[in-house]
């Protein structure tokens, strides 16, 4: 059990380190009005906190830094909500003043705003629409070699998928393909679309459209659903601004996680509602032992949910990030509900 004085010194140490990124010394804390103790007293308490595992001594100075255990205690017991500055609140909500009509655009803008306001990396996981069913297909040729498949879902969402059109295929061939797709695949869940395309349309397409193989393969590839297609990133380069990550190998590992997409899905625990903080080893990935991840969920209408993750150093400004995520998740949920009621759609472009 920590004494009140130890609780105060731990809180001040974490707060100071979050702000400065420099090890905290006893003399430094003794100058704070909140800590009316002598440097010797603070030094003894810091030594006890180190012995209990809440602080660590660095090799480069006599100061101390919070340990993972110290951060965990701080987040669970000492954190106080931060009131946002008016200008930050205005910036956060600026995307909702624009006339955004697509869910995808709104989610992408939310990722950018959060990364700008935190100086960390943000990832938004869009809602899983794969169980919604197809209501209608259409295909619009863009030029001689490219077309876009437009898939309207039963919830009003629109999926836009680019695919290559092999040489020699005519507008009549495309029209035949659309008719067959609408006849055979309307009512199919998006998640099963690729499988049903093979079972229900391949033979019919080959019967009605000559040399359909290349066109079929291109279309089949375009409608594939990958979980990472639901990821929207903001501020991937922000981690380079953090002094902890001057190490080239650390940054290389981080960017690999961001660029590949699929590993980033591990930041989210679907079905886990509310705001959650994972610190260092709690992320269960060796590559993430120097990072903290704060996640929040939002509602996307039609009983669907999405998630937001902010990734930063363990020296993250937890109070600020939690406040921002709390506000963003609520505002985003309300705006997406408005778009759903108003018939707004979301489109995904696959190249």
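The values are calculated or read from the model by the stated rules, or taken from the named source; none is laboratory data. In this text, all values refer to a predicted model and were calculated from it rather than measured experimentally. Cβ placement follows ideal geometry from the backbone for every residue including glycine, while neighbour counts extend to all protein chains displayed.
The set of residues from the stretch 8-43 being farther than 23 Å from residue 319 by Cβ and loosely packed, with under 13 Cβ neighbours inside 10 Å comprises 36, 38, 40. Residues in the stretch 152-186 that are under 25 Å from the mean Cα position of the chain (by Cα) and not in a loop (DSSP other than H, G, I, E, B) were compared, and the one that is surrounded by the most Cβ atoms within 10 Å (Cβ to Cβ) is 159. Residues that are within 15 Å of residue 122 (Cα to Cα), assigned by TED's automatic domain parsing to the domain that holds residue 120 and without any contact (Cβ under 8 Å) to a residue 40 or more places away in the chain number at least 1 in the following strands (runs of 3 or more DSSP E) confined to the stretch 233-341: 276-279, 291-299.
Within the stretch 36-58, can one find any residue that is outside the structural domain of residue 282 (by TED's automatic domain parsing), more than 22 Å from residue 2 (Cα to Cα) and under 35 Å from the mean Cα position of the chain (by Cα)? Scanning the stretch 36-58, I find at least one residue that is outside the structural domain of residue 282 (by TED's automatic domain parsing), more than 22 Å from residue 2 (Cα to Cα) and under 35 Å from the mean Cα position of the chain (by Cα), so the answer is yes. Note on the stretch 199-232: residues that are touching a strand residue (DSSP E or B) at 6+ places or on another chain (Cβ under 6 Å) and assigned to a helix (DSSP H, G or I) total 4.
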